[in-house]
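The values are calculated or read from the model by the stated rules, or taken from the named source; none is laboratory data. Values in this document were obtained by computation on a predicted structure and should not be read as measured data. Virtual Cβ from ideal backbone geometry, glycine too; neighbours counted across all protein chains shown.
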Amino acid sequence: MNTILLILGAAFGVLVIYEVSHFIRSYLHLRGQRIVTCPETRQPAGVRLAAAKIAGESMLGVPNLALSNCTRWPEKQGCAQECLSQIRESNESCLVATIVNQWYFGKNCIYCQKPFTAIHWHDHPPALVDKEQKTVLWKDLSLEKLQETMATHLPVCWSCHIAETFRREHPELVTDRPFH
């Protein structure tokens, strides 16, 4: 009797581990901000999928894609979410991280000329510099204007962004010395 209970317990444990790992994989695949073209306005809109809800549904069967956030909400929160078809067709290519990573590929920081390699968004993310030489982080930009921003701004590495921000905010503490 104990052996049967032990086998059933082990089988149940394996099943739970499998389902939890499936949930985590699905969640990681679905999370992140995306840029889609709003079917109503034909303008870019920033959206997020309800990743946890969809991952939970995928454990029970076929998940239904749904948005958890859109830059057009709360005004248009009751929309039909027709933009989800774009995500179904090209999930990875509409991810903001994918778009921005492709933009940085092959570029150098305009200040130190360091080439951009793999971008680590969680640790020292790159920035941008505008025409007025003000550096900004991606998280501070509007998703709807992503393409416009990439056309008008230049790439800056994290270290140069920090140095230039300090220089801009505390000019009295900065001493410029000529390069020898």
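Of note:
Condition check ((1) free of Cβ contacts under 8 Å to residues at least 60 places away in the same chain; (2) touching a helix residue (DSSP H, G or I) at 6+ places or on another chain (Cβ under 7 Å); (3) outside the structural domain of K53 (by TED's automatic domain parsing)) across all residues:
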residue	(1), (2), (3)
Q102	yes, no, yes
I119	yes, yes, yes
Q147	no, no, yes
C157	yes, no, yes
F166	yes, no, yes
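- Candidates in region 112-163 are the residues that are aromatic (F, W, Y) and not in a loop (DSSP other than H, G, I, E, B); of these, the one that is nearest to the chain's Cα centre (by Cα) is W138.
- Filter result for the condition that a residue is under 23 Å from L141 (Cβ atoms), among the basic types (K, R) and touching a Lys or Arg at 6+ places or on another chain (Cβ under 8 Å), over R48, R42: R48
- Scope region 71-102; condition surrounded by 13 or more Cβ atoms within 10 Å (Cβ to Cβ) and under 13 Å from the mean Cα position of the chain (by Cα); matching residues: N91, S93, C94, L95, V96, A97, T98, I99, V100, N101
- Selection count, region 49-85, where residues are touching a strand residue (DSSP E or B) at 6+ places or on another chain (Cβ under 8 Å) and within 22 Å of V20 (Cα to Cα): 7
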